[in-house]
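The values are calculated or read from the model by the stated rules, or taken from the named source; none is laboratory data. Fair warning: this is a prediction, and the values are worked out from it, not measured in the lab. Neighbour counts are summed over all protein chains in view; Cβ atoms, including those assigned to glycine, are modelled from backbone coordinates with ideal geometry.
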């Protein structure tokens, strides 16, 4: 397989790939396959948004269930880990080592923190492209990660 980024890849050793199951995240996985070496290390990260765990709407619908406890040790985290395991199987032949991580909180903050924790050389994530209005209402994970990352960021469109 010919590498599309020969100069960039020669310096990459640890990659953090953010995965949320979206089409943009799937494109990020495909790009990862193109620019990873067999001796590189990939950390696949899924973040369970804090809004899902702590929102007043969720609490109103499910008042007797402690969603924060579920996200830490229950079904949300288990399902996310299963999904990451499936993605990791698809990447096994491309990288030497694959780590899986599931965190809960603000997605951009958790991506930035995980990149530091895992000493990542490159962060790879998909971009959904909500536009100006969407960024104003929702914020942009890609924008925030790009702005505050201490390592290189590859945003896949």
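What the table below lists for this structure:
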read-out	value
Hey, residue 18 modelled with pLDDT of 90 or more and either over 19 Å from residue 106 (Cβ atoms) or surrounded by fewer than 19 Cβ atoms within 10 Å (Cβ to Cβ) (or both) or not	no
Meets criteria (within 20 Å of the chain's Cα centre (by Cα) and modelled with pLDDT of 55 or more) for residue 9	no
Of all residues making up the range 71-119, the number that are under 13 Å from residue 20 (Cβ atoms) and in a helix (DSSP H, G or I)	10
Where a residue in the range 30-44 is surrounded by fewer than 20 Cβ atoms within 10 Å (Cβ to Cβ) and its partner, wherever it lies, is assigned to a helix (DSSP H, G or I), with Cβ under 7 Å and at least six apart	33/91; 35/8; 35/9; 37/9
Residues (in a helix (DSSP H, G or I) and modelled with pLDDT under 85) located in the range 131-150	131, 132, 133, 134, 135, 136, 137, 138
Qualifying residue in the range 47-64 (condition: within 12 Å of the chain's Cα centre (by Cα), at pLDDT 90 or above and closer than 17 Å to residue 153 by Cβ)	yes
